[in-house]
Amino acid sequence: MGEVADGLKDIVASESSISRIELEGEEAVLEYRGYNIHDLAKHSNYEEVAYLLLYGELPTKTELELFSEELKERRELPPQVVGLLTHLSPFSHPMVALRTAVSYLGTMDRNISYTSHEISIEKAKNLIAKFPTIVAYFHRIRMGEKLVHPDDSLNHSANFLYMLHGEEPTETMVKAMDLDFILHADHEFNASTFAARVAASTLADMYACVVAATGTLIGPLHGGAAQRVMEMLREVALPWRADQYVREKIERGERIMGFGHRVYRSVMDPRTVELKRLAEKLSKEKESKWFEISVAIEESVRKYKNLLPNVDFYSASVYANLGIPDDLFVNIFAIGRIAGWTAHIIEQYETNTLIRPRARYVGATGRKYIPIDER
Ligand code: ACO
């Protein structure tokens, strides 16, 4: 038996042609299907990135128009799913609601167990289109507000904000949401994607794989961190209080949410670079304090622990400035990531080897069985 690699640290589990992370000296490079994340952030939009992840190539103008139309046609939820959302406790975490709705969608798919390329692409488009609707509908239902149905005249990001807030978002808000979805669309073998791939490696249906992914993303060490970052920003409340807050937390041996990363240990995550810029822009426009507090926290964490902010850190102030409630932050991550999850599930189906590692047993061995009345 080989060496134990706790947490599969630095283990290359498989090959993939979806996204590439390369640490090049002082800089980290992240590419989706060979395209640099900074170029996509500058020139692309979420629909185009979702197409790229699913099909492996950038679409032509006509292909993109068709794809965007197909997503629009699939946005509305079956009435049974809306019924389910209304029956969930309004106190459920919105990510639990999303996970439950995905599982329920699976009960309505006659092709649930088919894993062919064409059928899988259909399921992926359906999930990409419906994720924003599930999140917005559940939020409005739990707040006791009327549902705002999808608007075909709006793109993916604009329509999500419209369904969530019940009013058309500004151009700045749409651009910010779109950029955020692009930046969260994929990230190699992160924990939730890997969970999806483990499920896919058993040839489980796509809904089961996505449920595994959503169940993994919610954890505070993964996508659930952004909500905790926001709680920290609220607790710190003023930039000058950041230093003491961070120092005391580090002294108590506690983790600062939104810092540290399994892959980007001494190099800045390129997504954080983009999100920091976006958070600054939005905070200036909204005249909010979140960016200033975040920068103060970043400086103190660097001073006391030499850790860098991860993708979740500046996401928090971006979302707060977009008027998104704290407990929806992880759902926003999922709306972006569903494109990557489904692309990885399809790749796993098509290059499959069952994922089944070994464990080094460290418990007791060779014990003598004692019948129950003699114990
Ligand atoms: N705050 C304080 N110390 C930290 C933090 C943190 N956020 N992150 C890492 N460290 C310290 C650890 O205590 C450890 O120190 P030590 O060597 O003195 O014991 C060292 O840095 C290495 O940490 P590990 O936990 O071994 O690193 P690992 O790669 O296993 O963990 C993780 C990565 C889980 C992301 C970690 O950095 C963490 O808990 N961060 C906070 C949660 C968070 O922000 N998660 C979002 C990650 S991004 C994403 O998933 C989308």
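Rounded to the nearest 20, the size of the Cβ-charge dipole of the range 229-279 about its Cα centre is 160 debye, with Lys and Arg at +1 and Asp and Glu at -1. Cα convex hull, the range 1-53: 120 Å³ per residue, rounded to a whole number.
First compute the accessible area of the range 1-141 with a 1.4 Å probe, then give the percent of it belonging to carbon and sulfur atoms. Percent of accessible area from carbon and sulfur atoms in the range 1-141: 50.
Among residues other than Ser116 with Cβ under 11 Å from its Cβ, the summed charge is -2 (Lys and Arg +1, Asp and Glu -1).
So which trypsin sites (Lys or Arg not before Pro) in the range 263-324 pass both tests, a DSSP loop state and at most 13 other Cβ atoms within 10 Å of the Cβ? Walk me through the numbers before you get to the answer.
On the way: sites: Arg265, Arg271, Lys276, Arg277, Lys281, Lys284, Lys286, Lys289, Arg302, Lys303, Lys305; in loops: Arg265, Lys289.
When the trypsin sites (Lys or Arg not before Pro) of the range 263-324 are filtered for loop state and at most 13 Cβ neighbours within 10 Å, Arg265 remain.
Taking every protein chain into account, the 1.4 Å probe leaves Thr202 with about 80 Å² of accessible area, to the nearest ten. When the square roots of the Cα gyration tensor eigenvalues are ordered a ≥ b ≥ c, the ratio a/c for the chain is under 1.5, which makes its shape rounded.
Applying both filters, DSSP loop and at most 10 other Cβ atoms within 10 Å, to the trypsin sites (Lys or Arg not before Pro) of the range 1-43 gives Lys9. How many angstrom lie between the C-alpha centres of the range 175-244 and the range 132-170? Centre-to-centre distance over Cα atoms comes out at 21 Å. The magnitude of the dipole of the chain, with charges of +1 and -1 set on the Cβ of Lys/Arg and Asp/Glu and taken from the Cα centre, is near 1400 debye. Where a ≥ b ≥ c are the square roots of the eigenvalues of the C-alpha gyration tensor, would you call the range 163-249 rounded, which needs a/c under 1.5, or, failing that, prolate if a/b is larger than b/c, or oblate? Cα axes put the range 163-249 in the oblate bin.
Label separation (Met268 vs Lys146): 4.6 nm, computed from points 7 Å beyond Cα along the C-beta direction. Of the solvent-accessible surface of the range 225-321, computed with a 1.4 Å probe over protein heavy atoms with every protein chain present, carbon and sulfur atoms account for 47 percent. At a probe radius of 1.4 angstrom, the accessible area of the chain per residue rounds to 49 square angstrom. Scalar couplings 3J(HN,Hα) for the range 155-171, obtained by applying the Karplus form with A = 6.51, B = -1.76, C = 1.60 to θ = phi - 60°, are 6, 3, 6, 4, 5, 4, 4, 5, 5, 6, 8, x, 8, 5, x, 6, 4 Hz; x denotes Gly and Pro.
Projecting the Cα atoms of Val295, Gln244, Met257 onto the charge dipole of the range 225-321, computed from C-beta unit charges around the Cα centre, puts Met257 farthest toward the positive end.
Ranking Ser300, Ser153, Ser288 from most to least accessible surface, computed with a 1.4 Å probe over the protein chains only, gives Ser153, Ser288, Ser300. For the residues Met108, Met230, a 1.4 Å probe over the protein chains yields an accessible-area ranking, largest first, of Met108, Met230. For the range 225-321, lysine pairs separated by 8 or more sequence positions, or belonging to different chains, with Cα-Cα distances below 21 Å total 8.
Shape class for the range 225-321, computed from the alpha carbon gyration tensor (a ≥ b ≥ c): oblate, with a/c not under 1.5 and a/b at or below b/c. A simple charge model with +1 on the Cβ of Lys and Arg, -1 on the Cβ of Asp and Glu and nothing else charged puts the dipole of the range 225-321 at about 200 debye relative to its Cα centre.
Residues His149, His117, ordered by accessible area of protein heavy atoms at a 1.4 angstrom probe radius and largest first, appear as His149, His117. Within the assembled protein chains, the solvent-accessible surface assigned to Thr353 is about 100 Å², based on a 1.4 Å probe.
The values are calculated or read from the model by the stated rules, or taken from the named source; none is laboratory data. As the structure is a computational prediction, the values presented were derived from the model and not from experiment. Virtual Cβ from ideal backbone geometry, glycine too; neighbours counted across all protein chains shown. With ligands, DNA and RNA removed, areas are computed over all heavy atoms of the protein, side chains included. Shrake-Rupley method; radii C 1.70, N 1.55, O 1.52, S 1.80 Å.
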